[in-house]
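Below is one structure, written out as structure tokens; comments come after it.
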There are 2 protein chains.
Amino acid sequence: MAQNLIYSNHVAQELDRAVEAIGPSNIVVIVDTNTKSFVLPRMQSESSAVAKATVIEVMPGDVNKNIDSLSTIWEQMQQAGCNRSSLVINLGGGMVTDMGAFAASTFKRGVKFINVPTTLLAAVDASVGGKTGINFNGLKNEVGVFNEADTVIISSTFFNTLNNQEKLSGYAEMIKHALLSSKEEYDTLLRYDVTSIDPDRMLDLIKTSVAVKEKIVTEDPTEKGLRKALNLGHTAGHAFEELSIERNSPIPHGFAVAYGMVVELILASKKLGFPTAELTRFASYIKENYGIFAFSCKEYDRLIALMHHDKKNSNASEINFSLISAPGNIVTDCTADDEEIKAAFDIYREFSGQ
Amino acid sequence: MAQNLIYSNHVAQELDRAVEAIGPSNIVVIVDTNTKSFVLPRMQSESSAVAKATVIEVMPGDVNKNIDSLSTIWEQMQQAGCNRSSLVINLGGGMVTDMGAFAASTFKRGVKFINVPTTLLAAVDASVGGKTGINFNGLKNEVGVFNEADTVIISSTFFNTLNNQEKLSGYAEMIKHALLSSKEEYDTLLRYDVTSIDPDRMLDLIKTSVAVKEKIVTEDPTEKGLRKALNLGHTAGHAFEELSIERNSPIPHGFAVAYGMVVELILASKKLGFPTAELTRFASYIKENYGIFAFSCKEYDRLIALMHHDKKNSNASEINFSLISAPGNIVTDCTADDEEIKAAFDIYREFSGQ
């Protein structure tokens, strides 16, 4: 059953229509402390479905995407008298949509849910593909299921509550999709300044971007093959993200992916002939908009160890990357050994002026 | 993807063949304290897959089918270095297969698992249909997913470790399947004494019984319609089971279902014309083999309240039953009000000589 994907800045209207089509016995809306303050009141006044829903609030941030918050959601669903005909509306960023979707997918073995992503990152990355889950015992998204929403309502109407860093973080995933799609899409995105795109134009750009992911996911829903392409930038990116957490100064996910894409395109230029001029242009763009990830050669081994923990690597003796030989030309299951990765780190540090 | 269902008393051989076809990166075997003592050693000596598997042990009993045990399984899967190409073998009764299957279905969003049920109840009831899950916050199977095993190996070879009560408990589910299937199957089962059936004949009877469930589940995998038929005896039965827990003297699941079937066939005779002579014969058979569930009219309201909590009831103002108008004639979504249920309790208590 494919999920119903709606692009609209008339969110309340679309939401009420989707809820009416489902006809749930009761509704809960899951928010975090941020969306409870900044998004929920407006939705409660505009949407009759949200107005009558029981509100379940979780603490914000990836650190709270854990089994305690999940248990709280299940408990509050019980208290709200939820049964198999209930409906969950997830109103928030990727943390809320990932965890809320997992809670809904497992409560009484599954109730329907609607995702209303409120951040650019969630709109582009977390709404499509059916990935649900929580972090567990120190590992990201360690526990979850693949399960699609009944409906996802994608809008840019809430982005005025985001700061520039949050907008840039989401835009990095859009750039990734463009790189996987075509030179044209990639060129288009590099012309915009994400911090000042008007909402309707942004919605168009998101639609184009999500279509790339949708196409890939449709061909490979459970990540056996082509879907691995979506990991572009994420193998190195996750290592940067986790190292930043170990340093107690976490960087936003999209920034980590941006730096990770530079490292992985360096590998792609070495191993697959990704054009050097394009690499230089890309690295400059990322440096200008996202800055750099600073690290020393003493941290190479730790970064590589973190990559080995990456769940997509089924063989622990080498590291698997999803690369491109040019914008739009996907090559999954490229492997690199430690020396090749270290050489790429050297070049990344040169590019970034370290 | 349909699961591979194997009926054989050469379990180790079939298991090794199934594991070889999967080709996992590593294997964990989940057991409880009982199957660790009574079943695992034999399997470790006969099956090369089990011999090299990491053993994860959980505490036995439905009370341990909870989120703490589940977390322990996830943690030990992490420690065993499990990835998406790992394989989980669940070796135990329904508690192990339900919880182990849920752990496997959610670890890194799902790894393959094989169920090797070691009790009659699990062989007949828990192996087919893809129901996985745990109890949560006082409610049975409150959290889980629908997900089928890669392979289920059904045998009667472990039943010599079961006591008569455990055998009778499983046989009640077989009688339920027979009632849903035909007069002939039902008559066949009522001729046997489950405590003394030889293993090969038992395997044949299980095969016939599971085929009934398989047929129903195939037509309705997520319990939207026909699958509700499998709840025959369970709406009243769960209430008896939960009341027995509240009294601190829990009765086996299959016994509760046996008593529940009598109550529900009383309702079926009132509402659907289920033949009275057949009802009397059935009630006598159950009384003779399973004894009776003793309760007073003061407990009627509590039993009815427990039924209202049953998750299959989407409308809390009346109670939904899956009944039959005769052996083999399924009628789902019958409703009964409190007075009708109380009248059925009266008749049950008369039948059972209370």
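The values are calculated or read from the model by the stated rules, or taken from the named source; none is laboratory data. Because the structure is predicted, anything quoted here is derived from the model rather than measured. When we count neighbours, we look across all protein chains shown, and the Cβ atoms used for this are built from the backbone with ideal geometry, even at glycine. Quick note on the areas: whole protein, heavy atoms, side chains included, nothing else; ligands and nucleic acids left out. Shrake-Rupley method; radii C 1.70, N 1.55, O 1.52, S 1.80 Å.
Every residue in segment A:60-69 that is under 19 Å from the mean Cα position of the chain (by Cα) and under 12 Å from A:Val96 (Cβ atoms), please.
Residues of segment A:60-69 under 19 Å from the mean Cα position of the chain (by Cα): A:60-66.
Listed by number, the residues that qualify are A:Pro60, A:Gly61, A:Asp62, A:Asn64, A:Lys65.
Any idea which residue in segment B:183-215 is nearest to the chain's Cα centre (by Cα), counting only those that are among the small types (Gly, Ala, Ser) and open to solvent by 20 Å² or more (accessible area, probe 1.4 Å)? Lay out the reasoning, then the answer.
Taking segment B:183-215 first, the residues among the small types (Gly, Ala, Ser) are B:196, B:209, B:211.
Going one step further and asking which of them are open to solvent by 20 Å² or more (accessible area, probe 1.4 Å), we end up with B:196, B:211.
On the way: B:Ser196: 21, B:Ala211: 15 Å.
For segment B:183-215, the residue satisfying everything is B:Ala211.
Selection over segment A:146-182 of residues that are open to solvent by 10 Å² or more (accessible area, probe 1.4 Å) and either within 14 Å of another protein chain (Cβ to nearest Cβ) or free of Cβ contacts under 8 Å to residues at least 60 places away in the same chain (or both) gives a count of 10. Looking at the structure I just gave you, is B:Lys271 in contact (Cβ under 8 Å) with a residue 60 or more places away in the chain, buried (at least 16 other Cβ atoms within 10 Å of the Cβ) and touching a strand residue (DSSP E or B) at 6+ places or on another chain (Cβ under 9 Å)? Considered against the rule, which asks whether it is in contact (Cβ under 8 Å) with a residue 60 or more places away in the chain, buried (at least 16 other Cβ atoms within 10 Å of the Cβ) and touching a strand residue (DSSP E or B) at 6+ places or on another chain (Cβ under 9 Å), B:Lys271 comes out as yes.
Does B:Gly138 qualify as being free of Cβ contacts under 8 Å to residues at least 24 places away in the same chain and either open to solvent by 10 Å² or more (accessible area, probe 1.4 Å) or over 26 Å from B:Asn164 (Cβ atoms) (or both)?
Values: free of Cβ contacts under 8 Å to residues at least 24 places away in the same chain: yes; either open to solvent by 10 Å² or more (accessible area, probe 1.4 Å) or over 26 Å from B:Asn164 (Cβ atoms) (or both): yes.
Yes; evaluated as a whole, the condition is true for this residue.
Scanning segment A:109-145 for residues that are within 11 Å of chain B (Cβ to nearest Cβ), among the basic types (Lys, Arg) and over 15 Å from the mean Cα position of the chain (by Cα) yields a single hit, A:Arg109. If you go through segment A:121-174 and pick out every residue that is of a type in the set (A, V, I, L, M, F, W, C), in contact with an Asp or Glu (Cβ under 6 Å, 6 or more places away or on another chain) and under 21 Å from B:Val143 (Cα atoms), you end up with 1.
State which residue is nearest to A:Glu264 (Cα to Cα) when the search covers only segment A:224-238 and only residues that are of a type outside the set (A, V, I, L, M) and surrounded by fewer than 22 Cβ atoms within 10 Å (Cβ to Cβ). Outline the logic, then answer.
In the first step, residues of segment A:224-238 are kept if they are of a type outside the set (A, V, I, L, M); the result is A:224-225, A:227-228, A:231, A:233-235, A:237-238.
Right, trim to surrounded by fewer than 22 Cβ atoms within 10 Å (Cβ to Cβ) and you get A:224-225, A:227-228.
On the way: A:Lys224: 21, A:Gly225: 19, A:Arg227: 17, A:Lys228: 14 Å.
For segment A:224-238, the residue satisfying everything is A:Lys228.
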